[in-house]
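Readers should treat all values here as calculations from the given coordinates under stated rules, not as data from a laboratory. Just so you know, these numbers come straight off a predicted model, no measurement behind them. Here Cβ is always computed from backbone atoms with ideal geometry, including for glycine, and neighbour counts include all displayed protein chains.
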């Protein structure tokens with residue numbers, strides 16, 4: 001959905017052409033699939049470099065930091 005919002009905001013003519021051609025849904029699914037695959041890779045890399053803590057407070061911080069890291073990378077590189 002973030003990709004679609006970005007495309008509609010920045011490339012509305014291209015979105016209209018993809019809708020007309022019937023390719024918008026396929027392209028959106030492809031971007032989504034690649035973003036999820038990339039997220040799994042980044043999550044694994046982050047966990048390898050930063051082992052998950054055991055205390056609740058530290059786990060919450062770790063999860064938020066990991067999500068921030070992976071979301072940022074995905075948006076820059078894939079979406």
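What the table below lists for this structure:
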item	result
In region 1-35, the residues that are in a helix (DSSP H, G or I) and loosely packed, with under 12 Cβ neighbours inside 10 Å	5, 9, 10, 12, 13, 19, 20, 21, 25, 26, 29, 33
Number of the condition not met by residue 58 [criteria: (1) loosely packed, with under 13 Cβ neighbours inside 10 Å; (2) part of a loop (DSSP other than H, G, I, E, B)]	(2)
Matching option when the condition is at negative phi and free of Cβ contacts under 8 Å to residues at least 40 places away in the same chain, among 59, 31, 79	59
